[in-house]
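The structure under discussion appears below in the form of structure tokens.
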Amino acid sequence: MSESAPPASPGEAFGPWLRRQLQRADMSQAELATKVGKTRAAVSAWITGRAEPREETKVRIAEILGTDLAAVVTRTTDVSGSRPVRWHHRRAYADGGREYGNAAAFAFDADLAVLAREATQNSLDERYDDHRPVRVQYTLHELDGTHLDAFLAALHWDDLLPHFEEASRGGQKVSRGLRSALDDLTQERRLLLLRVDDYNAAGLTGPEYGDGRFAAVVRRQLDSHKVTGGRAGGSYGLGKATLWATSRFGLVLINSTLSEPHEGRTTGRVVGRLDLPWHEVGGESYAGPAWLGEPDTEAEHKGVSRSWWADDETLRSLYLARSEDEPGTSFLIVGAYDASGATESLQEMHDKLVESLADDFWAAMIGGRSAGPLLEARVTTLRNGKVYIPEQLVDPRTRHPATSRALQAYLDGNTVEELTSADQVVRADVPLIVTPVKGRGRSRDKGREHPAVLLLTPADGNDAQFNRVVCMRGNRMTITEQRPRDLPLGTPAFQAVLLAGYATGREGEDVALAEAFLRASEPPEHDRWDRTQELTTTYERGALSRLKEFRSAIDKTVRSLLGKREITKTGGPAVLRELLKLDMGSGAGARRAHSFPTVRDVDARIDDRGAWHVTVHLRLPEAADPWVLAPIAKFDVRSGGRPSVDWELLVGSETCRAENGLIIVEPGVRAAVFSGVTDPATHPVRGAYARLTVDVPKARGGAA
């Protein structure tokens, strides 16, 4: 065969590129062979990659395809003309099955805080260059007037409207929400977009339908497809659903810059996905999902919309233009909202995003000598393309000064063995025993020990919550908070951070084992370490006991770092002793200690606002039903009765929970701890001028 061997090329391989151009031009291999004067076998060899045509043949191919030789040589673009972008709606299932919404979208609340947590964690999991942080940008953008009309036209809204109208006629939750969104858009003629951009992330690489990041996000559900060496925060493949859940229309547009080429290109891979319930339009039944893209030319996917390589004008009209060429992805949520109802104005939504990012990712934003920050985050708000609220860099130290100081000291190697001043950080190891995976451990093998790292530092004076341990793993992902039990009376307010698995910054077999073990113990929300199906089916017996032992070891280590102090029931810090007393209700007597919860000890302090911060330790008798207690804070003033003051905050712990101003303790729990902060606005006098009495009676109608 008189053809040359395939040379190296900067773009896509010649065979796949030529095959796609012929499909786009509706030209067969035989027709091309005839036009270039070659055999069908020669063209087949080009398509399969066994050979490439000579330069003079490439010139002829370029003429046939209507382009120049450079396009055939570089193969970084399609030359047979763009195909019209349109929406493709999946037809209903042949077996009559119907889905009235995407079940994955209901795994989380459609809350801006949840969106920020899940979307940002996905960005962190796809960090591309380990020597630089992932940069995320959240942009709220409100459109009205001509800006709204132009955007809807670019979105092919008129083609979608019949599907929206029919899908909104159902009686299911998704249909009712869609009807409300359509009515609001018609009446207000205003639309809110929320764009989530990440940079220094992998981007949606991979084929259109096969295994890869693109298909996992755009085509599939419950496909996590994390390529992070076991360091991923998420593991269920549910987090991406929060993007669609935060859209009132279930509509998200995507523009990705790839870290590795697809079809010879990396920039401007665009697609849209819409999630609707089952509906009928014009006598045809549709399953619900739809995709915006070019009609696919592959025989097995003919007519399906696939991603396309958008030009700059299209990106601008869809508000998808990225500010840099660095790899990553932009998600545009159309009709964004906060289903929690906690925000209404743009300013409130802007602030909530800033606060949520700081609360969930403060640790990832801290850098030190041994390791730089993993994340930078910014929030901006626009109206019709103009800045409405300037860009705000999220500063973790603003909301979490003490814990930020603790992690900073660890990364800088500046921890101490004993606290002697308010700005120091003490460090200790906490053992976690990782149970063997089923079938891999030896008989009676308890497991492998992993030394987690505990950091403790005095609390900041403005901390709303204190005396807690913030637990994290992976890319410094906050999983849960633990309030240590049986703290010595008079313990100064502190903050602590527990680093496990890869969050320690170490490598090694024990680190990888601990990371996998803890991730298996997390539910889809990744908000605690506890019993899960994955934990019990993957690990040998005793896994849950090892987790309980780990939590107990954390408490024990905190107590040892704080130092042993004498615990007295009548005591407390000397300054507060005359101001604080506890009352368990009327009729106190010796017999009551055995029939009703009693106070074992209490911690208390007054902050700069005059609010009392109280942590109460209870001892409880056996009971068949839960204890339902109603803590009451009262001021014991010099004259008159004892006026009640409101709780600004009431928080339970691992041993109890707070619900609607009540403390609920489950049967079998013999010791419980809860904390409260009084509301200074309800104080009849300044907090320092009165004694505080805490009554802990049984709630009216409460069990036990």
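Please state the shape class of region 241-311: rounded when a/c is under 1.5, otherwise prolate if a/b exceeds b/c and oblate if not, all from the C-alpha gyration tensor.
Judged from the Cα gyration tensor, region 241-311 comes out oblate (a/c at least 1.5, b/c at or above a/b).
Between ALA422 and ASN660, with labels modelled 7 Å along Cα→Cβ, what's the label distance in nm to one decimal, could you check?
4.1 nm
Quick check: the distance between the Cα centres of region 271-339 and region 123-150, to the nearest angstrom?
What the calculation gives is 17 Å, centre to centre.
Can you show me the helix-derived [θ] at 222 nm for the chain, built from DSSP H runs with n ≥ 4 at -39,500 (n - 2.57) apiece and divided by the number of residues, rounded to the nearest 500.
About -8000 deg cm²/dmol.
In square angstrom, what is the accessible area per residue of the chain with a 1.4 angstrom probe?
Per-residue accessible area for the chain comes out at 45 Å².
Relative to the longest principal axis of the chain, what angle (0 to 90°, nearest 10) does the C-alpha long axis of helix 55-65 take?
In the chain, helix 55-65 runs at an angle near 80 degrees to the longest axis.
For the chain, just the Cα set please: Rg and Dmax, both in angstrom.
Expressed in Å, the Cα Rg and Dmax of the chain come to 30.7, 110.
What residue among GLN392, LEU65, VAL696 has its Cα farthest toward the positive end of the dipole of the chain, where the charges are +1 on Lys, Arg and -1 on Asp, Glu, each on the Cβ?
Value: VAL696.
Specify which residue in the list GLY264, THR678, GLY505 is farthest towards the positive end of the charge dipole of the chain, using unit charges on the beta carbon of Lys, Arg (+1) and Asp, Glu (-1), about the Cα centre.
Positive-most Cα among the choices belongs to THR678.
Rounded, prolate or oblate, given the Cα gyration tensor of region 302-386, with a/c below 1.5 counting as rounded?
Here region 302-386 falls in the oblate category.
Over the chain, what is the relative contact order in percent, taking alpha-carbon pairs closer than 8 angstrom and at least six residues apart?
10 percent
Dipole of the chain, Cα-centred, from +1 at each Lys and Arg C-beta and -1 at each Asp and Glu C-beta, to the nearest 20 debye?
About 2180 debye.
What FRET efficiency do you get for ASP311 and GLU31 if R0 is 30 Å and r is their Cβ-Cβ distance, rounded to the nearest 0.05?
Efficiency computed from Cβ-Cβ geometry: 0.55.
Quick one: dipole size for region 178-222, taken about the Cα centre, charges +1 on Lys/Arg Cβ and -1 on Asp/Glu Cβ, in debye to the nearest 20.
Value, rounded to 20: 80 debye.
State which stretch of the chain is the longest one without any exposed GluC sites (Glu not before Pro), exposure meaning a DSSP loop state and at most 12 other Cβ atoms within 10 Å.
1-323
Between the helical axis of 509-520 and the dominant principal axis of the chain, each derived from Cα atoms, what acute angle in degrees is found, rounded to the nearest 10?
90 degrees
Restricting attention to region 291-343, which trypsin sites (Lys or Arg not before Pro) occupy a DSSP loop and are surrounded by at most 15 other Cβ atoms within 10 Å?
Qualifying residues, ordered by number: LYS302.
Suppose the chain between ASP158 and GLU449 were pulled fully straight at 0.36 nm per residue; how much longer would it get relative to their current alpha carbon spacing?
Answer, rounded to one decimal: 98.7 nm.
Pop a pseudo-label 7 angstrom from the Cα along the beta-carbon direction at both TYR93 and SER552 and give the gap in nm to one decimal.
That separation, rounded to one decimal, is 4.8 nm.
Let's see if you can work this out: charge +1 on each Lys and Arg Cβ, -1 on each Asp and Glu Cβ, no other charges. What is the dipole magnitude of region 248-407 about its Cα centre, in debye to the nearest 20?
The calculation lands at about 560 debye.
For region 29-83, what relative contact order do you get, as a whole percent, if you take Cα pairs closer than 8 Å and at least 6 residues apart?
22 percent
Within the accessible area of the chain, what % is carbon and sulfur when the probe is 1.4 Å and the other protein chains stay in place?
48 percent
To the nearest 0.05, what FRET efficiency results for GLU284 and GLU260 with a Förster distance of 35 Å applied to their C-beta separation?
Computed FRET efficiency for GLU284 and GLU260: 0.35.
At 0.36 nm per residue, minus the direct Cα-Cα distance, what do ALA41 and ARG369 gain on full extension? Give it in nm, one decimal, please.
Here the answer is 111.9 nm.
Between region 522-539 and region 20-88, what's the alpha-carbon centroid distance in Å?
Cα centroid to Cα centroid, the span is 52 Å.
The values are calculated or read from the model by the stated rules, or taken from the named source; none is laboratory data. For clarity, every value in this text was computed on a predicted model and none was experimentally measured. Note that we place each Cβ from the backbone using ideal geometry, even for glycine, and neighbour counts take in every protein chain shown. These accessible areas exclude ligands, DNA and RNA; they are computed on the full protein's heavy atoms, side chains included. Shrake-Rupley method; radii C 1.70, N 1.55, O 1.52, S 1.80 Å.
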